[in-house]
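J.: After the structure tokens below, expect a handful of questions from me.
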Amino acid sequence: MIAFSFEVIASVALVTGLAALIFAYIKNTQLQLRLNEQQNRLHVLQTDVSAMCAGAVNLGEHLAHLEQRAHLLTQRQDKLEMKDPATQNYRQASRMMNKGAELEEVIEDCGLARGEAELVALAQRIKKAS
């Protein structure tokens, strides 16, 4: 009877071990599939990040180029303004309007036509708004 019990216990243990092994194999297969999916997603994300970085570098270079060009244009404009004495009236009108001078006062003091003075006033309002 003891031998019979031992054989039954051994058989039950063997079947239990085999069931656990099959269960572990199935779980391992499922985990391998999930791992492969995650690796594929990771690869896609890495590709996206690389593309975004390349785009950011190109955008940065483009922005630096535009800033350099804006700086050069500003310098050129300043040089042109210094050469042209007629711009002195506009700069004076702009300064007066910044200080709150009335349109009529600017027209008288700077010798500008009404349309020119209104244009300077409009430019000042746009400059303040931005």
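The values are calculated or read from the model by the stated rules, or taken from the named source; none is laboratory data. Here the structure is a predicted model, which is why all the values come from computation and not from measurement. Note that we place each Cβ from the backbone using ideal geometry, even for glycine, and neighbour counts take in every protein chain shown.
J.: Which one of these is touching a residue at least 12 places away in the same chain (Cβ under 8 Å) and either exposed (fewer than 10 other Cβ atoms within 10 Å of the Cβ) or charged (D, E, K, R) (or both): GLU118, GLU102, GLU108, GLU61? Steps first, answer last, please.
T.: Details: GLU102 fails: touching a residue at least 12 places away in the same chain (Cβ under 8 Å); GLU108 fails: touching a residue at least 12 places away in the same chain (Cβ under 8 Å); GLU61 fails: touching a residue at least 12 places away in the same chain (Cβ under 8 Å).
So the residue among GLU118, GLU102, GLU108, GLU61 that is touching a residue at least 12 places away in the same chain (Cβ under 8 Å) and either exposed (fewer than 10 other Cβ atoms within 10 Å of the Cβ) or charged (D, E, K, R) (or both) is GLU118.
J.: Mind listing whichever residues of segment 70-100 are part of a loop (DSSP other than H, G, I, E, B) and modelled with pLDDT under 85? Steps first, answer last, please.
T.: Residues of segment 70-100 that are part of a loop (DSSP other than H, G, I, E, B), as a first pass: 84-85, 99-100.
If the condition is that a residue be part of a loop (DSSP other than H, G, I, E, B) and modelled with pLDDT under 85, then ASP84, PRO85 are the ones that fit.
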